[in-house]
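Here the structure is laid out as structure tokens; the discussion comes afterwards.
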Amino acid sequence: MDNTGLASPPRPREPAQPGDAFESIDRLRILSPRRKSTAARSLDELVEEQLAHFGIDPQTTFGQTLARVSRRMYESCADIDRLWVETAETVQSLDRSDRIAYFNAKKFLSFQLAKLLDNLQRPNRRCYQSLNYSTATTASKGPYSVFDNVPAIFSANPVITRTATYVYACAEWIEDAFQGKERLLEIYSRLLNPTSIALAHHIVDLEAGPYANEYFAWNFNSGMAAIDGVLSHVLGRDDILITSRNVYGGTHQLIHHWFAKSANLEIAVETFDGYTVDDFLKAWQRALAGYADRFSAGRRAYVYLESPCNPHGYVLDVPAICREAHRLGLRIILDSTVGTPFLYTPLQRKDRAERPDFVIHSYTKDLSGSGSVIAGVVIGRNEDMFTPKGDSMNGVPWNETLFWNVYYVKGAFLNADAAFDVLQGLRTLDVRMLKKCINTQILARFLAAHPNITVHCNALPDNPNREIMKRTATLGLPAPLFTLDMGDLPREAFQRFFDNLSPTFGHMISLGQSNTIVACPALTTHSELDEKALREAGISPTTIRVAVGDEDPLDLILHLIGTARLTLDPVVPGFSEGFGSWAAARELVRTTYLDSHRKYIEAKTAQSSE
């Protein structure tokens, strides 16, 4: 399998050549309208059979020309197979100049093939017109799409394929498509859509980098659908799920109120606080002792992590936890939404044992960046994501892949318009995330300097989570998410302060947008947690979650000071003065931006190679 997610051309014993023996033309049958039922044993017989299938007399001028073209098509199939094999075997050993040459030569070949198809479609349109449909039939059928779709192959942006279904070639090809064995023919946009597939390829390239050919992704119509999809895929009744404490409130609710519900799967949930591998291993030991009866009955355990986690933006030592979990025979699911591939690329660890088995993103957040689309994705190894019916890969049978087990039957698919919106947002990911991470450092340090405010952010030098963040994050930058506690402020004063943070700070229930958003987790995103769980998660009634945006940080600071002066100074005299001087704030912004950009440029130049 390649990273299209569908079966790659099988490597022939020797690249098939015209006139070879029966064994060598086996691959060429893929182009035949009778690929499954053909009795042809030579290239000539394949051509004759094709003409007969469509009722074409081979003795006519049209039949003779069609036969010559068909023969060249079969011959080209053999040569393209050879190109596929040779590229796969040699590309990694080539220098950059040769890779450029390979790409552009094959790119131009694609244009040549498309030109042939375009030339073929022009006279074919005349054939279509000659059927002389009535006006009613012509109007109801609409334009025959293939005639005008060929140029769309070379659209500079992925085409928004806004269709429910697709034209297919013939009965045997569409039969293969339903078996997952023909990637050219998509069946129904509830299953596959070219725009969504383009996004799946793109997120794999960003997330897995040099290991992209080992991974594939399926897009869902929300982040929660992606989480539900992968949990539904791996969990069985009475299984055990070990999860970190700090997860999104919706995830907590899904796990505890649906998967753990006795009427559903009644899974057991073992939660751990902390962020280290030792914290995880203690939870594993508790699970072994507490659910010994389930383990003895053959039930399995899985690990669900969120890092950076909501609401504090703290990170787990994901590589170390993965390494130990895999040693124990456990599979790991990681929600990496808050970090994005800008900060964390867990699938690019050289040691495969340090990689999670599945990575989840909510495209809704920073990956799209605008807050205008709802979408999610699950990324996993090829063998875990798709195999054609009846096949297996690396010991995983087709019916145990996420596609056939969940994605194909549940229906939470991403539509073309949403996929296109995410693709456009991803173009500016690096620029947006760098600015957000810098703004996070500025806001966290500015707020932490106030004697009556406690900031929970690993951007701060004395934060206990800082060491893991510095070791695992790109440039040692914090995720654009943190919390602050306002202490023992009277509830009414706190509410007045929070409500007056608008409009500079958005009152919205989300994160990862271009504007800075504030929320009270205890009342909103984590309201599903009971009082004890809230305390254990480090969330109080006066905790404010700050999802940092791309604004000018001085505008944010100025508004914080003004809001405190308006709402808190009358209750706690001099509260606003605790923020320090305006000159100090401006210097904080200047030095943080200069230092962060210097580190960014130095890191990028150090990573670059010929």
In the set LEU475, LEU511, the lone residue that is in contact with a Lys or Arg (Cβ under 6 Å, 6 or more places away or on another chain), outside any helix (DSSP H, G or I), of a type in the set (A, V, I, L, M) and open to solvent by less than 60 Å² (accessible area, probe 1.4 Å) is LEU511
Boolean, ASP228 is among the charged types (D, E, K, R) and either under 20 Å from the mean Cα position of the chain (by Cα) or surrounded by fewer than 18 Cβ atoms within 10 Å (Cβ to Cβ) (or both): yes
When residues of the stretch 58-103 are limited to those that are of a type in the set (Asp, Glu) and open to solvent by less than 80 Å² (accessible area, probe 1.4 Å), the one farthest from the chain's Cα centre (by Cα): GLU75
Looking at (1) open to solvent by less than 10 Å² (accessible area, probe 1.4 Å); (2) assigned to a loop (DSSP other than H, G, I, E, B), which is the only condition HIS361 fails? (2)
Within the stretch 496-508, of all residues that are within 27 Å of VAL247 (Cβ to Cβ) and not in a loop (DSSP other than H, G, I, E, B), the one most open to solvent (accessible area, probe 1.4 Å) is HIS507
What are the pairs, 6+ residues apart or on separate chains, where a residue within the stretch 259-277 that is over 18 Å from ASP317 (Cβ atoms) has its Cβ under 8 Å from a residue that is acidic (Asp, Glu) and surrounded by fewer than 16 Cβ atoms within 10 Å (Cβ to Cβ)? ALA260/GLU266
Scan of the stretch 214-224 for residues that are surrounded by fewer than 22 Cβ atoms within 10 Å (Cβ to Cβ) and in contact with a helix residue (DSSP H, G or I) (Cβ under 8 Å, 6 or more places away or on another chain), ordered by number: GLU214, ASN221, MET224
For the stretch 225-240, give me each residue that is in contact with a helix residue (DSSP H, G or I) (Cβ under 8 Å, 6 or more places away or on another chain) and assigned to a loop (DSSP other than H, G, I, E, B). LEU235, ASP238, ASP239
Quick check on SER110: is it among the hydroxyl-bearing types (Ser, Thr, Tyr), touching a helix residue (DSSP H, G or I) at 6+ places or on another chain (Cβ under 9 Å) and at pLDDT below 95? yes
Just one listed residue, out of ASP485, ASP462, is acidic (Asp, Glu) and open to solvent by less than 60 Å² (accessible area, probe 1.4 Å), and it is ASP485
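Conditions tested, residue by residue: (1) closer than 24 Å to GLU536 by Cβ; (2) at pLDDT below 95; (3) basic (Lys, Arg).
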residue: GLN285; (1), (2), (3): yes, no, no
residue: ALA289; (1), (2), (3): yes, no, no
residue: ALA292; (1), (2), (3): no, no, no
residue: PHE295; (1), (2), (3): no, no, no
residue: ALA301; (1), (2), (3): yes, no, no
residue: ASN310; (1), (2), (3): yes, yes, no
residue: ASP335; (1), (2), (3): yes, no, no
residue: THR340; (1), (2), (3): no, no, no
Which listed residue is of a type outside the set (S, T, N, Q) and without any contact (Cβ under 8 Å) to a residue 12 or more places away in the chain, from ASP499, ASP485: ASP499
Only one of these is surrounded by fewer than 22 Cβ atoms within 10 Å (Cβ to Cβ) and free of Cβ contacts under 8 Å to residues at least 60 places away in the same chain: LEU184, LEU191. Name it. LEU184
Just the residues that are free of Cβ contacts under 8 Å to residues at least 40 places away in the same chain and touching a strand residue (DSSP E or B) at 6+ places or on another chain (Cβ under 8 Å), please, taken from the stretch 355-393. ASP357, ASP384
Residue list for the stretch 566-578, filter: part of a helix (DSSP H, G or I) and either under 19 Å from THR542 (Cβ atoms) or open to solvent by less than 20 Å² (accessible area, probe 1.4 Å) (or both): LEU566, THR567, PHE575, SER576, GLY578
Given ALA418, ALA444, which one is free of Cβ contacts under 8 Å to residues at least 60 places away in the same chain, open to solvent by less than 60 Å² (accessible area, probe 1.4 Å), part of a helix (DSSP H, G or I) and in contact with a Phe, Trp or Tyr (Cβ under 9 Å, 6 or more places away or on another chain)? ALA444
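The values are calculated or read from the model by the stated rules, or taken from the named source; none is laboratory data. Note that the structure is predicted; figures quoted are calculated from it, not measured. No Cβ is skipped: glycine too gets one built from the backbone with ideal geometry, and neighbour counts run over all protein chains shown. Only protein heavy atoms, including side chains, enter the accessible area calculation; ligands, DNA and RNA are left aside. Shrake-Rupley method; radii C 1.70, N 1.55, O 1.52, S 1.80 Å.
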